[in-house]
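Q: First, the structure itself, so that you have it in front of you.
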Amino acid sequence: MGAAATVARTALTAWTRETAGQLRLSVTAIRAFTLTAVATALAFGTMLALMIGGTEGTQRITLAPGSLSFMLGGSFLTIAFLTALFSILGPSRSSLATVLEMLPVSRRAVFAGLQIPVLALSYILAFSLCIPSLAALWRSSVDWWAAAVASILLVVFLASTQLLVLALFRTLGYGYRRWLRLPRYYALTFAGVSCFIISTLLVWTDVLPLPESMADAVEGPRNLAMHRVWGRALAPLWTGAPAPWLDIATGAAWLAIPLGLMFLVARVDIDNQEDVTLRLFANIPLPRNRMLAAAYVDGMQLLRSHQFTVLVLLLVIGLVGVIALSGHPEFGFLAAAIAPSLAVAPCVVGMQSYGLTSRTHWVQRHLTGRATAWVAPKLIACAMISLAIGVVFAGSLFAAGLLTADHWPRLIPDAILAWVSAMIGGVLVPFSREQPLASGATGFTVFLLYGASSSAARWTGTELGKLFGDVRYLGEVLSSSVLAALLAGVLGLVVVRVSKSG
């Protein structure tokens, strides 16, 4: 464990120094920024808990096994999605991992040490989103002791879920590589999608209403699911009934299974192959205009990156799933609720663009004599790529009847906020092929920026809209426009700073 902690500290230090060098800030400033981001995430979750708690009143409720299973199922999906996503978007092999192979450090210690920072980041973000569930445990508990025990068990549940999903991801990735002979690029993509599907299948019968015709067929197997077992084990804290020993034993087994799987997969090296570069648009000639040619080259580097392709594939799978779900007579309302967010999601696909090209910006500076020569081509390329994918997504959702013309006044401001947030996050915390923590840190920052700005736009828009009577969305459009202008100013300040030559 000591060796793994040393590797983790080394990886974190390397990422901190690389980010400080790119932003021309001190290491202390980067650490302060990181702590601020963590505090912001926790504050965001606390705000959600207060908003939800305000609608429930002060009446104390008793949590039954069913309601606890629903709560834990949502937490399971949240951390499973984030863990699998950050694992997929991570670089194939860092220089640090290559150096460590030549040192007397075990493969398990190297694996654990390189994973700890990424796991910590995804855990903090998932925990922040699960704070409303934590608040519900405290509001419904009879005494502080029961609330404290339930809170500790929720924290342990999230950690166990995270280890389970990571172990599944590594195992499936190795299996696809070993037995299906898939390149790493495809193997890890399929492994991530498989983790999403498996996680959804484990909890969907509690998160979504179950038709009566299916209840008897799945009731037995789903009672052994992790969130259900933990839900029944926690229920005695509210009901006062004796704790079921079978559920306690099964819950302990669900703790042991992820640890055992992680012990096994840590010995397997699946990251022994570089990312595959796709030769998209290889024979298309460069535009004659110098600005457009630079934007074309910049866009090609993003389009051919592993992280971009995987992110788009995941979004496409989500789009197909939502459209298919829309035809379901009982679950169609969920598709309509998810559709606006899915239409905006393509606006963040360019968040890794700056990190992919930052090491070659000196070429444009040398050719043009301007330190910021890379900025306009990059913004044009990212905007056009996001727009093209966004049009396809929005068009598909409109064709499926999940979006209507009434959504436009909210979709366009949200899309602008998401795109500017992705650009700021991508420059402020740049992606790096050499740092496993980089992808998670970039996504974490983009999520916070977009979540904070969109929440502020909703709240101020509602208050501002009261001044304009019945004009729908006018307040949100005005507030979103002001926030987008402020974020654009922040983006300008950030790109000027990172463009200064050493």
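Derivation of every value follows stated rules applied to the coordinates shown; laboratory data play no part. Since we're looking at a predicted model, the values are computed, not measured. Neighbour counts run over all protein chains shown; Cβ positions are idealised from the backbone, glycine included.
Q: How long is the gain from His328 to Val156 if the chain were fully straight, where each residue apart is worth 0.36 nm and the alpha carbon distance is subtracted?
A: Between His328 and Val156, full extension yields 58.4 nm more.
Q: Using only the alpha-carbon atoms of segment 293-431, report the extent along each of the three principal axes, biggest first, to the nearest angstrom.
A: 60, 30, 26
Q: Which residues does a label at Val99 reach in segment 14-34, if reach means a backbone N under 11 Å from a point 7 Å past the Cα toward the Cβ?
A: Those under the cut-off are 14-15.
Q: Under the 0.36 nm per residue contour assumption, what length would be gained going from the current alpha-carbon distance of Val482 and Ala252 to full extension?
A: Full-extension gain reported as 77.6 nm.
Q: Starting from the Cα of Val27, step 7 Å along the direction of its Cβ; do the same at Val149; then give the gap between the two resulting points in nm.
A: Computed distance between label sites Val27 and Val149 equals 4.5 nm.
Q: Based on the mean of other Cβ atoms within 10 Å per residue, sort peptides 187-198, 25-36, 414-425, 160-171 so the most packed one is first.
A: Per-residue mean Cβ counts within 10 Å order the peptides as 414-425, 160-171, 187-198, 25-36.
Q: Around Leu25, what is the net charge, scoring Lys/Arg as +1 and Asp/Glu as -1 over all other residues with Cβ under 15 Å from its Cβ?
A: The answer is +4.
Q: Hey, what do the phi angles of segment 306-316 turn into as Karplus ³J(HN,Hα) couplings, whole Hz, using 6.51/-1.76/1.60 and θ = phi - 60°, x for Gly and Pro?
A: 4, 5, 5, 5, 5, 4, 5, 4, 5, 5, 5
Q: Along the positive direction of the dipole of segment 277-502 (beta-carbon charges: Lys, Arg +1; Asp, Glu -1; about the Cα centre), which of Pro413, Phe431, Ser453 reaches farthest?
A: So the residue we want is Phe431.
Q: Determine, for each peptide in 445-458, 316-329, the mean count of other beta carbons within 10 angstrom over its residues, then list the peptides with the highest first.
A: With the highest mean Cβ count within 10 Å placed first, the list reads 445-458, 316-329.
Q: Under the 0.36 nm per residue contour assumption, what length would be gained going from the current alpha-carbon distance of Arg365 and Leu259 to full extension?
A: Net length gain for the segment: 33.1 nm.
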